[in-house]
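All remarks here apply to the structure that follows.
The values are calculated or read from the model by the stated rules, or taken from the named source; none is laboratory data. Just so we're clear, the structure is a prediction, and the values are computed from it rather than from any experiment. Cβ atoms come from the backbone with ideal geometry, glycine included; neighbour counts cover every protein chain shown. These area figures cover heavy atoms from the full protein model, side chains too; ligands, DNA and RNA do not enter into them. Shrake-Rupley method; radii C 1.70, N 1.55, O 1.52, S 1.80 Å.
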Amino acid sequence: MGKEGLTSGPAANIDLASLFLSGSLPMLVLIWGLVATGGFVFMVIAIKSRQVRRWCRAEERFEREVAETNDWATIRRRCESDRDSIGAPVLAALFRAAAYPEILEAVAEREVERQHQRTHGMMTVLSSVGSVAPLLGLFGTVYGIIHAFLRIGAAKSASLAQVAPAIGEALITTAVGLFAAIPAVIAYNALSKRLEDLLAGVEAAARVWAGRVRVSTRRREE
């Protein structure tokens, strides 16, 4: 007496190309959407990494120049012409508020917060993909398993040829979701750490600059 199982029926002939090109429409949309998302994530990582490196170099150069000179006219012109340094807008704001020495720290804090918003552009993309892509992959896994059971019910056979395509699609979707999510999470954590260190340095420098601007203002008044 024969036994029906997963090995019964015609042999399954499944390869990765067929899963990516000839699967069910919902799974193809999900798979290729996640592939495109993964490619976009790598583009965002490249752009953001380049930005952070430029900001760090510019800030180091700017703070060194400010520390090495007492010519406030030169420093002020430097602040107005600098487009890369994170600290330049902060010091420029302090110059504008020099007539009100009691609020310099508040002015610096507000400007640092503005720079925080400026530097964290595109970071939301990485955090969102890192959170959502695995869930989309999991959705694809669930859909693929449900599809496999529907194929079994329609064919009244649990042969490998019936379930392999749907299970293969489910696993591919999970893998592609991780392909998009893992680099996004790693890059988000690494870039966030560098940005927070950069902004912490600017915040510390801003307190020093506020003191220097206050002293300079008092000397001019005397």
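Side notes on the structure shown:
- From the list 191, 126, 136, the lone residue that is assigned to a helix (DSSP H, G or I), out of contact with any Lys or Arg (no Cβ under 8 Å at 6 or more places or on another chain), over 30 Å from residue 100 (Cα atoms) and in contact (Cβ under 8 Å) with a residue 24 or more places away in the chain is 136.
- Residue check for residue 151: crowded, with 16+ Cβ neighbours inside 10 Å, of a type in the set (D, E, K, R), under 26 Å from the mean Cα position of the chain (by Cα) and in a helix (DSSP H, G or I): no
- The range 33-49 - residue that is hydrophobic (A, V, I, L, M, F, W, C) and without any contact (Cβ under 8 Å) to a residue 12 or more places away in the chain and, of those, most open to solvent (accessible area, probe 1.4 Å): 43
- Test: residue in the range 99-121 that is among the hydroxyl-bearing types (Ser, Thr, Tyr) and open to solvent by less than 20 Å² (accessible area, probe 1.4 Å): yes
- Which numbered condition residue 13 fails, given (1) exposed (fewer than 14 other Cβ atoms within 10 Å of the Cβ); (2) at pLDDT 90 or above; (3) assigned to a loop (DSSP other than H, G, I, E, B); (4) of a type outside the set (A, V, I, L, M): (2)
- One residue stands out in the range 160-184 among those that are touching a Ser or Thr at 6+ places or on another chain (Cβ under 8 Å) and among the β-branched types (Val, Ile, Thr): the one that is nearest to residue 102 (Cα to Cα), namely 174.
- Taking the criterion of being of a type outside the set (Gly, Ala, Ser), surrounded by fewer than 16 Cβ atoms within 10 Å (Cβ to Cβ) and under 9 Å from the mean Cα position of the chain (by Cα), the residues of the range 122-140 that qualify are 122, 124.
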